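Scroll down for the structure; my scribbles are underneath it.
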Amino acid sequence: MFETQEFVEPNLFSVLIQSNSIHCGIYLNEIQLPEKCTVLGILRENQVISIEDNPTIYAFDYILAMAINPMMTPALKVILKKTHSVYYSLKNCLLEARPFPSKASNSIASSIQTNSTFIHH
């Protein structure tokens, strides 16, 4: 009479995107997901952005995801947490971001310029 359907409760979760994530700077729908997994959107600054808007992923976004089959949750988390093997940033320079004391800034800046002539890119 009634067919028994196996119901598996999906796992909903979020993953914080680190500044060295491989996903920074790409569109949300470009992420290659495992089978039976989906991304629902992004949580950014207390605002949910739907997958339908296809937002660009930034550091410190939370990707909201769902594994329809709970057995796929670990695989989905691994994919969403992938990072570059070393510190990687498209737009940040750690030296420029470091604050200098006002008196020492000229001497430090000049020593950086002097030392930078020995560094070849």
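Observations on the model:
- Residues in the range 50-71 that are among the β-branched types (Val, Ile, Thr), in a strand (DSSP E or B) and either surrounded by 16 or more Cβ atoms within 10 Å (Cβ to Cβ) or in contact with a Lys or Arg (Cβ under 8 Å, 6 or more places away or on another chain) (or both): ILE63 alone.
- Filtering the range 14-39 to residues that are among the charged types (D, E, K, R) and surrounded by 12 or more Cβ atoms within 10 Å (Cβ to Cβ) leaves only LYS36.
- Considering only residues in the range 7-44 that are touching a strand residue (DSSP E or B) at 6+ places or on another chain (Cβ under 6 Å) and among the β-branched types (Val, Ile, Thr), the one that is nearest to ASP61 (Cα to Cα) turns out to be ILE42.
- Any chance ILE26 is at pLDDT 95 or above and farther than 18 Å from LEU12 by Cβ: yes
- Residue in the range 45-59 that is at pLDDT below 90, of a type in the set (A, V, I, L, M) and out of contact with any His (no Cβ under 8 Å at 6 or more places or on another chain) present: no
- Condition met for GLU96 (among the acidic types (Asp, Glu), loosely packed, with under 14 Cβ neighbours inside 10 Å and either modelled with pLDDT of 60 or more or assigned to a strand (DSSP E or B) (or both)): no
- Unmet criterion (only one of (1) assigned to a loop (DSSP other than H, G, I, E, B); (2) over 10 Å from the mean Cα position of the chain (by Cα); (3) under 18 Å from LYS82 (Cα atoms)) for VAL8: (3)
- Unmet requirement for ILE42, which otherwise passes all of (1) of a type outside the set (Asp, Glu); (2) under 12 Å from the mean Cα position of the chain (by Cα); (3) assigned to a loop (DSSP other than H, G, I, E, B); (4) surrounded by 15 or more Cβ atoms within 10 Å (Cβ to Cβ): (3)
- Pairs are defined by a Cβ separation below 7 Å, a sequence spacing of at least 6 or placement on different chains, a first member in the range 69-86 that is more than 13 Å from GLN18 (Cβ to Cβ), and a second member that is of a type in the set (Gly, Ala, Ser) and surrounded by 12 or more Cβ atoms within 10 Å (Cβ to Cβ); the pairs so defined are THR73/ALA67; LEU76/ALA65; LEU76/ALA67.
The values are calculated or read from the model by the stated rules, or taken from the named source; none is laboratory data. Computed from a prediction, not measured in an experiment: that's the story for all the values here. We place every Cβ from the backbone using ideal geometry, glycine too, and count neighbours over all the protein chains shown.
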